[in-house]
Amino acid sequence: MKLYISKNKTVGASPVVLDDMILTADGTAAGSKMLNNYKSPFDATLTKSLSAAGYSVAGKANVGEFGIDLLGETSYFGAVTDKSGNLCLASAEIVRSGEAVAAVGLDVNGAQRRAAALAGLVYMKPTYGTVSRFGTVSVAASGECIGVMAKNVSECKAALAAVVGHDAADGTSLSEEACDRVKNGAVRLKKAAIIKNFTANVDDGTATRTEAARAALTAEGITVDEIDCDVLTHAKTAWGVLMCAELCSNLSRYDGVKYGHRSENYTTLDELYTNSRTEAFGELVKTAILYGSAVLSEGNYIQVYDKALRVRRVITEALARLHREYDVLIIPACSKSAYTLDNVAASKQLPFDEALYTAPASISGVPAAVAGGIQLIGAPFSENTLFEAAKIITGETE
Amino acid sequence: MLVTDKDSLSQLKKLNKLALTAAQDEDTLTFFAAKNAELEKMAALDTECVEAMIRVMPISAVLREDKATAHFTRDELQASAPDVRGGYLKVPRLLE
């Protein structure tokens with residue numbers, strides 16, 4: 001069990017751990033044999049932001065291959081499990097153990113949200129474009145976001161404030177004014193809604209946590225309704241299409257020529273490409289590449305890929321309509337209270353199926369927090385409202 | 001319908017420079033079958049008058065100032081290359 005890919009020997013005050021999707025000069029593998037021993041010539045912008053805010057990087061945390069799996073189980077360096085054999089994300093374990101005050105990672109397919117929910121941590125995936133992705137291993141650029149995990153709301157909020165900001169080096173970075181709304185936006189917390197379409201097939205523990213969140217919010221005078229919004233369930237399929245299409249395109253650069261793994265078994269250039277990619281990519285990533293390639297092919301592009309882009313707008317507009325009435329939408333972060341290696345071995349679909357809960361925020365770029373083991377979804381730039389709701393749910397007084 | 005048989009899967013693997021074992025082929029076809037069922041449900045959503053949404057935030061193309069800035073050296077960029085000879089990336093001979 002490998003929690004750290006690299007660990008710094010001297011760590012100052014306020015240690016943070018970075019998911020190994022974030023480039024640092026001491027090496028970044030993205031959980032893949034393909035990038036094992038890869039040394040970036042530069043550090044990600046966010047590492048400088050963290051240093052400027054007084055944080056010190058304690059090390060790089062093990063992640064699932066290119067961050068698309070359930071809970072890091074596809075890492076080339078091995079899955080992380082607890083004493084009971086349940087899967088956990090390395091960064092969440094490091095924060096839970098107290099070795100770091102926060103973890104910063106790239107949220108591609110919701111692994112960090114699931115991990116935070118299962119570990120009882122606080123997490124925030126902020127509004128798309130408010131944290132620089134310059135210097136991250138790009139997988140699904142149209143929806144992936146840097147997120148921050150901590151033991152409590154105040155530490156999560158402080159670490160997020162350190163990394164939020166405009167970065168001219170990132171073409172998807174929003175203006176400084178927009179980023180400032182994440183840090184200083186007003187709190188508006190009067191009405192919340194549990195979306196019933198996501199609570200039907202969850203286990204007892206998840207249902208209990210959802211009810212506990214409702215009770216905590218209600219006790220503070222916040223109205224909590226139960227509503228239906230079936231269209232949001234299509235986010236899973238649409239995000240699966242978009243994520244895999246973008247992954248297929250982004251991972252085409254790994255050919256064994258410029259950097260990354262090169263097979264020793266080749267005589268022709270075609271064999272060099274094929275054997276290098278076949279040896280280095282894990283099974284889930286290969287499947288995602290093939291699916292992404294299929295949805296982008298000439299015969300399917302309009303029917304599948306373009307359709308998913310239209311569904312993205314339908315979902316984004318549905319969320320905007322809901323947020324005109326409700327300040328916070330409550331849905332689970334995942335369906336179960338624990339997952340084992342046997343669970344993921346039984347179905348290659350599982351990381352895609354569990355994206356049912358995380359895909360609405362991934363595909364639309366809205367902020368999503370995790371607290372008390374459940375997920376809170378807000379309107380763009382409503383992070384402070386989500387943090388306030390998280391405080392109530394976790395019972396934090398400061 | 002996306003990939004439903006071994007021939008179309010073989011073509012897809014060839015295009016993506018990937019090889020799978022026979023068991024992985026079966027798993028992948030099972031995956032595609034499940035995805036096809038999902039895609040059918042998504043196809044039923046009426047999106048005829050909906051514009052495709054490429055970006056989730058209103059971000060326009062960013063142009064940098066046309067000014068020389070510090071760049072990485074060739075040695076820095078080739079530091080992680082699998083095989084380099086004389087400053088070039090080495091690959092198998094293409095022409096005999």
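Would it be correct to say that A:V241 is surrounded by 24 or more Cβ atoms within 10 Å (Cβ to Cβ) and touching a residue at least 60 places away in the same chain (Cβ under 8 Å)? So A:V241 passes the test. For the stretch A:165-172, indicate whether the set of residues that are of a type outside the set (K, R) and touching a strand residue (DSSP E or B) at 6+ places or on another chain (Cβ under 7 Å) is non-empty. Within the stretch A:165-172, not a single residue is of a type outside the set (K, R) and touching a strand residue (DSSP E or B) at 6+ places or on another chain (Cβ under 7 Å). Can you find a residue that is within 13 Å of chain B (Cβ to nearest Cβ), assigned to a loop (DSSP other than H, G, I, E, B) and either of a type in the set (D, E, K, R) or touching a His at 6+ places or on another chain (Cβ under 7 Å) (or both) anywhere in the stretch A:19-31? So far as the stretch A:19-31 goes, yes, one or more of its residues are within 13 Å of chain B (Cβ to nearest Cβ), assigned to a loop (DSSP other than H, G, I, E, B) and either of a type in the set (D, E, K, R) or touching a His at 6+ places or on another chain (Cβ under 7 Å) (or both).
For the stretch A:261-278, how many residues meet the condition of being within 7 Å of chain B (Cβ to nearest Cβ) and within 10 Å of B:L18 (Cα to Cα)? Number of matching residues: 4.
How about the stretch B:12-60: which of its residues are polar (S, T, N, Q) and either facing chain A (nearest Cβ under 7 Å) or farther than 15 Å from A:Q349 by Cβ (or both)? Those that are polar (S, T, N, Q) and either facing chain A (nearest Cβ under 7 Å) or farther than 15 Å from A:Q349 by Cβ (or both): B:N16, B:T21, B:Q24, B:T28, B:T47, B:S60. Restricting A:L309, A:L356, A:L322 to those that are away from chain B (no Cβ under 14 Å) and at pLDDT 95 or above reduces the list to A:L322. Being more than 7 Å from every other protein chain (Cβ to nearest Cβ), in a helix (DSSP H, G or I), touching a residue at least 24 places away in the same chain (Cβ under 8 Å) and surrounded by fewer than 24 Cβ atoms within 10 Å (Cβ to Cβ) is the requirement here; does A:L284 meet it? Here the answer is yes, as A:L284 does meet what is asked. Every listed requirement among (1) free of Cβ contacts under 8 Å to residues at least 12 places away in the same chain; (2) in a loop (DSSP other than H, G, I, E, B) is met by A:E177 save one, (2). For A:R262, are the conditions met, namely being at negative phi, basic (K, R), modelled with pLDDT of 95 or more and assigned to a loop (DSSP other than H, G, I, E, B)? Yes, satisfied. Can you confirm whether the stretch A:296-303 contains a residue that is in contact (Cβ under 8 Å) with a residue 12 or more places away in the chain and within 7 Å of chain B (Cβ to nearest Cβ)? There is no residue in the stretch A:296-303 that is in contact (Cβ under 8 Å) with a residue 12 or more places away in the chain and within 7 Å of chain B (Cβ to nearest Cβ). Being of a type in the set (G, A, S), more than 21 Å from the chain's Cα centre (by Cα) and more than 14 Å from chain B (Cβ to nearest Cβ): is that true of A:G395 here? Spelling it out, A:G395 is indeed of a type in the set (G, A, S), more than 21 Å from the chain's Cα centre (by Cα) and more than 14 Å from chain B (Cβ to nearest Cβ).
Residue pairs whose Cβ atoms lie under 8 Å apart, sitting 6 or more positions apart in sequence or on different chains, and linking a residue in the stretch A:32-52 that is closer than 21 Å to A:K2 by Cβ to a partner that is among the charged types (D, E, K, R), are A:S32/A:E65; A:K33/A:E279; A:M34/A:R277; A:K39/A:D26. Test B:S10 against the criterion of being out of contact with any Leu (no Cβ under 8 Å at 6 or more places or on another chain), modelled with pLDDT under 95 and polar (S, T, N, Q), and give yes or no. Answer is no for this residue.
The set of residues from the stretch A:151-165 being outside any helix (DSSP H, G or I) and touching a Gly at 6+ places or on another chain (Cβ under 9 Å) comprises just one member, A:K151.
The values are calculated or read from the model by the stated rules, or taken from the named source; none is laboratory data. Keep in mind it's a predicted model, so treat the numbers as computed, not measured. So basically every Cβ, Gly included, is an ideal-geometry build from the backbone, and we count neighbours across all protein chains shown.
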